[in-house]
Amino acid sequence: MPDSLHNPLLQYLARLAPSSQLTMKYVLQDAADRLGFDECDIAEVPWHLLDPAHVVALVAALRADGFTPNTSSLYVNAIRGVMNEAWRLSLISHEQLLKIRTVKATQGVRLPVGRNLKRSLIRELMEVCAADPRPQGLRDAAVIALLYGTGMRKSESVDLKLSQIDFSERSLQVLGKGNKQLIKYAPAWAFDTLNAWLAFRRSQLPEGQADDDFLFNRIRRGSHITRERITKHAIYYIARQRGQQVGVKIMPHDFRRSFITRVIEEHDLSIAQKLAHHSNIQTTANYDMRDDNERRRAVDRFDM
């Protein structure tokens, strides 16, 4: 077993949030395979022996396989992160680290993925949940209301605790990316939907048992509400299943995209940046999912 205190990869992963660790493990394993270390566990790859030529070859291979510029950047940044740790552990020189940093990922921009969920579609989703007589109907409606009403990420919704919610102020304290504590706000209708689910959940508890501190429970067949917290994968399944019921393919992040797009549309980019908790306003701008028809209407208003 590699010594974690002196292994640059393990030190790099330890600095990341658990959700990011899973992503970067996959990225670095794929990078190692492409660099010829396909027989090695990523913790045993001699990352400190990489030089700029290796990273250049990796970027070229990703480009040849049709990977997007954003994905190429993810791979390059992951390797830079490991090499930063290698330098900190005195496994490479500062000069070697700087040379690695000079290698750029594939340049370019791609059109944003995902979709903008219109208000009419959100209402349809809430209607199909309301028509579901099982506990899943109330729970899924609350999940959708929270994701769309606050713009939070699925991981943030899964990790939320009741103790982090101020029902009178309609505010929620979440632990966001970068281990940042954030305050998010939700409209009254979203809190009404959440309260309906929580009231039903409490009504199903045996007398004398305390309520769960988390928000959303796993529900087994037979409508049995367990005392287990749902996972991020469950949020994905809820979005996919409810989307199929209204004839639309929906990913959990589409709720966040739609929230930010609506705030940009009805207020401005600066307010959207604050509510999305983006440090860079360009990141917020990239979430603008308004379609070509809306852009055409904006240009058509420019009269002589």
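Filtering the stretch 120-139 to residues that are surrounded by fewer than 16 Cβ atoms within 10 Å (Cβ to Cβ), in a helix (DSSP H, G or I) and either in contact (Cβ under 8 Å) with a residue 12 or more places away in the chain or aromatic (F, W, Y) (or both) leaves nothing.
Residue by residue, here is whether (1) at pLDDT 85 or above; (2) not charged (D, E, K, R) holds:
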position	(1), (2)
M251	yes, yes
F259	yes, yes
E265	yes, no
L269	yes, yes
K274	yes, no
I281	yes, yes
D292	no, no
R295	no, no
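The number of residues in the stretch 11-23 that are closer than 17 Å to N84 by Cα and either at pLDDT 90 or above or not in a helix (DSSP H, G or I) (or both) comes to 6. Residues in the stretch 227-252 that are among the small types (G, A, S) and under 18 Å from A130 (Cα atoms): A239, G243, G247. Does T231 fit the bill of being in contact with a helix residue (DSSP H, G or I) (Cβ under 7 Å, 6 or more places away or on another chain), at pLDDT 95 or above, closer than 22 Å to D159 by Cα and among the hydroxyl-bearing types (S, T, Y)? Against the criterion (in contact with a helix residue (DSSP H, G or I) (Cβ under 7 Å, 6 or more places away or on another chain), at pLDDT 95 or above, closer than 22 Å to D159 by Cα and among the hydroxyl-bearing types (S, T, Y)), T231 does not qualify. Among the residues making up the stretch 20-61, those that are within 30 Å of E156 (Cβ to Cβ) and more than 23 Å from the chain's Cα centre (by Cα) are I42, A43.
The values are calculated or read from the model by the stated rules, or taken from the named source; none is laboratory data. Please read all numbers here as calculations on a predicted model, not as lab measurements. Cβ atoms come from the backbone with ideal geometry, glycine included; neighbour counts cover every protein chain shown.
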